[in-house]
Structures are given as C-alpha cells and as structure tokens.
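These notes are about the structure you will find just below.
The values are calculated or read from the model by the stated rules, or taken from the named source; none is laboratory data. Only a predicted model underlies this, so the values are computations on that prediction, with no experimental measurement involved. Note that each Cβ is placed from the backbone with ideal geometry, even for glycine, and that neighbours are counted across all protein chains shown. We work out accessible area using only protein heavy atoms, side chains counted, and drop any ligands, DNA or RNA first. Shrake-Rupley method; radii C 1.70, N 1.55, O 1.52, S 1.80 Å.
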Amino acid sequence: MRRTGRAPLPVLAVTSLVAALALMPLAFVVWVTIQTGWDTVVELVFRRRVGELLGNTLLLVLLTLPLSVVVAVTLAWLTERSDLPGRRFWAWLAVAPLAVPAFVHSYAWVTVAPGMHGLAAAVLVSVLAYSPFLYLPVAAQLRRLDPTMEDVAASLGHGPWRVFLTVVLPQLRVAVYGGCLLIGLHLLAEYGLYVMIQFDTFTTAIVDQFQSAYNGPAANMLAGVLVLLCMGLMGGEALLRGQERYARVGSGAARQAAPAKLGRATLPCLAIPLLFAALSLGVPMLTLGRWLAIGGARIWQGADIGGAIVQTVALALAGALLTTLAAAPMAWLSVRAPSRLQRVLEACHYYVGSLPGVVVALALVTITVRVALPLYQTVGTVLLAYMLLFLPRALVGLRASIAQAPVELERAAMALGRTPLQAVRQITFRLAAPGAAASMAMVALGITNELTATLMLAPSGTRTLATEFWALTSEIDYAGAAPYAVMMVAASLPMTILLHIQSKRAAGR
C-alpha cells in the first residue's frame, strides 16, 4: 500500500492509548510474576496439578484440531466441489452450529447423556461446536482455487485422490492453519463447555481459583501459563505457515471447477453432512425443545427473561459502540498512513483478541482492586473488558470499509476548507458507515454470548442471558435455563448468516 500521508499526532495519541490498554493483560502477567518472586513462581507452576492441567489442555488441542480438519475439509469439499444433492442447504447447516454458544452445546449433550464426562466428551463437543470456524475459510478457499492445475494433474494420469492430496490440499494450507489457530484459541479460552462436562483445563482452574481465593497467586500463575500456551499456538501457526507463496500474478482461470461426480458414493457422502447436522444442531434443538415442553408456560412466566434481554442488549450495544470507536483511529491510520510504527500499534490491537477472557478479566480485577478500587465490579470495567476482547473484530471490518473510501474525497474536502478531522468525519466515516455497522453487529453478538469476563467483572445484580443461563444450569434447573438458551441462539443467528454471506463475497460469489 502506498503511503498517503503522515499520521496526525492526535490520531497517534489515541491509537497509542488503545494499544497501551491492549498490552495491559500481558503487562499484568509479567508484573505479577515479578511481584510473586521466582521461588514462589516455581512452587506454584512446577507442581502436579499444573502438569495435569497442561496434559488435559494439550490432549484436548492435539485431538480436536486434526478431527476438526477432517470434518471441515470433508464438508467443504462435498458442498463446494461435488454434485452432492442440496449442496447449498448442507452448506448452511455446516455453518449453523456457530449460532449455538459452546456452553449450550455441552448443556444439550449432558442432558442427552448425563454420563458424558472427561476428555472424549470434551473432544466430541468441541469438534461439533468449533468445526464451522474451519469450514468457513476452507470452503471460501475452495471456491477461489484455479481448476487449471487440477486439470493438468489429471491429464498426467493422476487419480482424483492423488489430485486432491497433491494439488488441492496444499493450496488449502493457509485456510487450514488459520482455522486451526482460531479453534485452538477458543479451546484454550472456553470455560462453560468444559465445566458442564467436568473436564479440567487451565481456564476452568483459573476461574475456580479466583472464586475460592479471589485473585490469589495460584490463579495469576495459571493465567501466565495460559498466556504462554496462546503465544506458543500463534507461533506454531506462523512457523507451519512459512513464507511460501500462495498466489500468482494474474487472475487464473475465470471458470469454476466442474463438480465431481459422486455416483454410487452419493448416499454415503450424503450421510456425512446429515450426521454432522444431526449431532451439532439436532441434539441442541431437540434438547431445548424437550426442556421447553417439560417446563411449559411457567418457565417463561417465572423467569425474568425480559430483564435479562434488556441488560444484555444494553451491554452489547454500549460495548459494541465503545469497541468500534476505539478501533476507528487505528483502522484509519492503517489505511491512510501505513508505517513501521503503525504496524506495531496494529499488532497490539490484534494480539489482545487472542487472549482468553479469563486472563483479561483477571488482569482488570487485579488492577482495579490494587490501583483503582472504585472501578472494581463496575459497568465501565466490564465494557473495557469487552473492548479488549473484541477489538480485532471491529478493526477488521472498519479497515476494509475505510480502504474502500477514496482518499481523494478527503483531500477535496480539505481543499474546500474542512479541517482534517471534519473531512474524515464527514466524508470517510460516512462512506464507511455500513462496514462500521457490520463490525458493531459482530461485536455486539459476541458480547451477547460472552460468559467468563462477565461472571468475573459484572456488578452485583447484573443479569445477562449468558449469566442467567449459567446460574440456572449450575443449579441443575435445565428447564428454567432453556428460554435463555433459545434467546441466545436467536440472537446469534444474524451473525452466523453474516459470516456465511461474507465468506461467499470474499470468494466472489
């Protein structure tokens, strides 16, 4: 991208402030480690319990990721490259599980099979809940592939399987590695899913330590280990991805690849998306329907669903607005005045989105308790946590929208007497408004289903859909929790549809 101008000092000041806030959780981990002392750190980290948590977490990641790759790549190939009957319908169903929060998935499966506990249950539910995150980029990449290389390989005598393994699959590496990184970070951050199926991870242990010892040293050290795992996961993805080129000069063939003929394999192949839909959507929907039927009208009348919806919407809208406003200067700077400093500041904005909510929440708890006690368990602290957690979501959408607003219009406005700030506000941000609205929607819907940070930071009396659902399931009142789960699913459907549409647009469909 060509440099279009020097960054104004006010914009640099705001972006630097937001970057400093984003670095706060990492600085918290380093500071706590220094304050605790090396001897205590060794005693708290190098112990049997931490080894058990590390083993559980690593096994969960190492088993879930390969299975998710197999499921996602298989579904993507069937819906994008084969003549599978009803491909568009199955494509929608492959994405739809994202509308069901992960802890609602576990709620459904624990209801169906109360004995589902441990590693095997954690892997099963994780694959069902998170495979769509990998399906989306893989399916989009399959739509963009140039079929000419596959035709050349076939003309040299390679069979369909060999063509797929040697030509198609290598071109999916970036999408697969990116999807695996996203799923892996979700696995490290997830709390509710694994608590319900009684599988201990670092996140569940940190929350347990926090609730029992209120920010004790053990929870802080576990948070430090969890941050190292996240950094290791991101470093591993970058190492595997390497520096190879995945693009070429020119647009390639304009035609789409001809769908592969399934023939006699049609029925067995049709069973694959059907089975995935039944397990990932059928079980949650049937479970919710069953509990709603058991509870009857009383669970709607006795529950304060209206109050929970109002508070959820209020927090989601306020958090989305704050996050979008915080991301706007960085998005403008990255498009209008790219530089080394801009890339460093932008990296700070992005990295915080990879941290588990429990680490961000624990950092804010420590800072507010020790430095700014009046801010402890206030709405402002909760909104700050939301801003940090969902900053990358807002930044991605805003940057793309601002990039589509011609810089010449800004210059013309300034030539007509507008100040730079007025030109950006009246011209660029108006043109970028649709992208900003989409970013706000994605952030708001992410906040709607956020659980861990809300549980740790929200003021007393806060009642969101997620916290009310969690409180009722903790009391084994599954019928009473069902209406809250239904409302969360309903609120998540627009984001799921938006993600699917954006995936198709990215591939030029």
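Having 3 or more residues that are more than 25 Å from the chain's Cα centre (by Cα) and either basic (Lys, Arg) or closer than 30 Å to Ala328 by Cα (or both) is the bar; report the helices (runs of 4 or more DSSP H) wholly within the stretch 1-97 that clear it.
Passing ranges, in order: 9-36, 48-81.
Looking only at the stretch 441-453, decide whether some residue is part of a loop (DSSP other than H, G, I, E, B), crowded, with 23+ Cβ neighbours inside 10 Å and touching a Pro at 6+ places or on another chain (Cβ under 6 Å).
Yes, that holds for at least one residue.
Quick one: Pro217 ticks every box in (1) modelled with pLDDT of 90 or more; (2) open to solvent by 30 Å² or more (accessible area, probe 1.4 Å) except a single one, so which number is it?
(1)
Counting only residues that are open to solvent by 30 Å² or more (accessible area, probe 1.4 Å) and touching a helix residue (DSSP H, G or I) at 6+ places or on another chain (Cβ under 6 Å), which one in the stretch 123-150 is modelled with the lowest pLDDT?
Among those residues, the one meeting the criterion is Met149.
If you check Tyr177 against the conditions, is it at pLDDT 90 or above and either in a helix (DSSP H, G or I) or touching a Leu at 6+ places or on another chain (Cβ under 8 Å) (or both)?
Judged against the criteria, Tyr177 is not a match.
Return the pair list, or none, for Cβ contacts closer than 9 Å from residues in the stretch 11-38 that are within 15 Å of Leu384 (Cβ to Cβ) to residues that are aromatic (Phe, Trp, Tyr) and open to solvent by less than 50 Å² (accessible area, probe 1.4 Å), at least 6 apart or on different chains.
Pairs found: Ala22/Tyr351; Leu23/Tyr351.
For residues that are farther than 19 Å from Leu67 by Cβ and open to solvent by less than 70 Å² (accessible area, probe 1.4 Å), scanning just the stretch 258-279, find the one that is modelled with the highest pLDDT.
Leu270
Report yes if some residue within the stretch 240-249 is assigned to a helix (DSSP H, G or I), at pLDDT below 80 and either touching a helix residue (DSSP H, G or I) at 6+ places or on another chain (Cβ under 9 Å) or open to solvent by 10 Å² or more (accessible area, probe 1.4 Å) (or both); otherwise report no.
First, pick out the residues of the stretch 240-249 that are assigned to a helix (DSSP H, G or I): 240-241.
Imposing the further condition that a residue be at pLDDT below 80 reduces the set to 240-241.
Then keep just the ones that are either touching a helix residue (DSSP H, G or I) at 6+ places or on another chain (Cβ under 9 Å) or open to solvent by 10 Å² or more (accessible area, probe 1.4 Å) (or both); that gives 240-241.
So far as the stretch 240-249 goes, yes, one or more of its residues are assigned to a helix (DSSP H, G or I), at pLDDT below 80 and either touching a helix residue (DSSP H, G or I) at 6+ places or on another chain (Cβ under 9 Å) or open to solvent by 10 Å² or more (accessible area, probe 1.4 Å) (or both).
Could you list, in sequence order, all residues of the stretch 287-327 that are in contact (Cβ under 8 Å) with a residue 40 or more places away in the chain, within 25 Å of Val110 (Cα to Cα) and open to solvent by 30 Å² or more (accessible area, probe 1.4 Å)?
Within the stretch 287-327, Arg290, Trp291, Leu292, Ile294, Trp300, Gly302, Asp304 qualify.
Considering only residues of the stretch 454-478 that are touching a residue at least 40 places away in the same chain (Cβ under 8 Å) and part of a loop (DSSP other than H, G, I, E, B), which is surrounded by the fewest Cβ atoms within 10 Å (Cβ to Cβ)?
The qualifying residue surrounded by the fewest Cβ atoms within 10 Å (Cβ to Cβ) is Ser460.
Where in the stretch 357-437 are there helices (runs of 4 or more DSSP H), lying wholly inside it, with at least 3 residues that are at pLDDT below 75?
The qualifying helices (runs of 4 or more DSSP H) are 379-403, 407-415, 420-423.
Kindly list the number of the only condition in (1) at pLDDT below 95; (2) open to solvent by 60 Å² or more (accessible area, probe 1.4 Å); (3) farther than 19 Å from Val168 by Cα that fails for Asn56.
(2)
If I filter the stretch 181-196 down to residues being open to solvent by 20 Å² or more (accessible area, probe 1.4 Å) and hydrophobic (A, V, I, L, M, F, W, C), which single residue comes out as nearest to Leu472 (Cα to Cα)?
Met196
I'd like the residue in the stretch 350-384 that is surrounded by 19 or more Cβ atoms within 10 Å (Cβ to Cβ) and in contact with a Ser or Thr (Cβ under 8 Å, 6 or more places away or on another chain) and, out of all such residues, is nearest to Val32 (Cα to Cα).
Taking the candidates together, the pick is Leu364.
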